[in-house]
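Read through the structure below, which is laid out as structure tokens, and then see the notes.
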Amino acid sequence: MDPLIAQVETWFWEDPEFSASFEKWADDHCGEIDNDSEECKLVYTSLHKEFSSLYEHKLTEYLEESCSSSVQEFYEKLQRAPRDGKEGQFVEMMLMMVDFDAFMAMMRDAKSRSPRPSP
């Protein structure tokens, strides 16, 4: 595995603040999700943009401060990385972090655990 990808993977799994920040964000915003409807509401696009921005900010901050690298370089390496085996699973997951369908699956899951009713 590319050393930069390996370093990000270690950070991703071992930094409790990183994952906790996204879980909190999903919990705080899942009230907007209507699990009783398959309709793709306009607000979902806004939420996705906000989530993607938070993710990109945290990733950029880490890459610049801890790796002396950039998001562009990281994504270029991800695109060239093998997609098979254990290493490939992390590569696929990183590429899906800003994918709308993956985002909606995460938000629907957060909503299903939430005591808040659907809008």
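The values are calculated or read from the model by the stated rules, or taken from the named source; none is laboratory data. A quick note: this is a predicted structure, and the numbers were derived from the prediction, not measured. Reconstructed Cβ throughout: ideal geometry from the backbone, glycine too, with neighbour counts over all protein chains shown. Quick note on the areas: whole protein, heavy atoms, side chains included, nothing else; ligands and nucleic acids left out. Shrake-Rupley method; radii C 1.70, N 1.55, O 1.52, S 1.80 Å.
Ligands, DNA and RNA are left out, and with a 1.4 angstrom probe the accessible area of the chain is 59 Å² per residue. To the nearest µm²/s, what D does Stokes-Einstein give for segment 75-119 at 37 °C and 0.692 mPa s, using the Kirkwood radius over alpha carbon pairs as Rh? Here the translational diffusion coefficient equals 268 µm²/s. The rule of thumb for compact globular proteins, 2.2 N^0.38 Å, goes into the C-alpha radius of gyration of the chain 1.15 times.
For segment 1-60, just list the percent of Cα-Cα distances falling in each 10 Å bin from zero outward, please. So the P(r) values, bin by bin, are 19, 41, 26, 14, 1. Cross-link reach is defined here as a Cα-Cα straight distance under 20 Å, omitting same-chain residues fewer than 8 places apart; for Lys86 the aspartates and glutamates meeting it are Asp2, Glu9, Glu14, Asp15, Glu76. Of the solvent-accessible surface of the chain, computed with a 1.4 Å probe and all protein chains present, 51% belongs to carbon and sulfur. Site-free segments of the chain were taken between trypsin sites (Lys or Arg not before Pro) in DSSP loops having at most 13 other Cβ atoms within 10 Å, sites themselves excluded; the longest one is 42-82.
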